Amino acid sequence: MQSGLEVLMETVDTKNAKLFLAGGFGTALNSDDAKIVGMIPLSFKGTVVGVGNASLAGATLVLLSKEMCEQTKKIASLAQTIDLAQDA
């Protein structure tokens, strides 16, 4: 996780970024402790947010709301791929 975030931080300004951690693990994780043990880089200055079962909640919103479906399409069109396997 840390190496992926380091590569991302080289690509974009993460000062005002939000790192969303899904699932029970992400919800219970203390971001300061995660930095201390090296899961999250100490240099990450953004906000860490635990979001619970985001996949189920997101799928439900998209299925029940045309507006959310359109917003999801817009977000997907802005997404960029960073191939971590190609980064030294």
Q | Cα extents of the range 38-80 along the three principal axes, largest first (Å) | A | 39, 23, 13
Q) Counting only residues 5 or more places away or on other chains, whose amide H sits under 5 Å from the amide H of I40 once H atoms are built in the peptide plane? A) K35
Q. Lysine pairs in the chain with alpha-carbon atoms under 14 Å apart, 8 or more places apart or on different chains: how many are there?
A. 4
Q: With a probe of 1.4 Å, find how much accessible area the range 32-84 has per residue, and write the answer as a whole number in Å².
A: 77 Å²
Q: Of the listed values [x] 26, 18, 11; [y] 18, 15, 11; [z] 19, 16, 14, grab the one calculated as semi-axes √(5λ) of the Cα gyration tensor in Å from the structure here.
A: [x]
Q: Taking H placed 1.01 Å from N in the peptide plane, check which residues at least 5 places from L19 or on another chain put their amide H under 5 Å from its amide H.
A: T47, V48, V49
Q.
For Cα pairs less than 8 Å apart in space and 6+ apart in sequence, what is the mean separation divided by the residue count of the chain, i.e. the relative contact order in percent?
A. 32 percent
**Q.** Most mobile listed residue (K45, K73, K15) in the chain, GNM with C-alpha springs under 10 Å
**A.** K73
(Q) Ignoring ligands, DNA and RNA, please state the percent of accessible area on the chain from carbon and sulfur, probe 1.4 Å. (A) 58 percent
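The values are calculated or read from the model by the stated rules, or taken from the named source; none is laboratory data. The structure displayed is predicted, hence computed values, not measured ones. Keep in mind that these areas ignore ligands, DNA and RNA; they rest on the heavy atoms of the full protein, side chains included. Shrake-Rupley method; radii C 1.70, N 1.55, O 1.52, S 1.80 Å.
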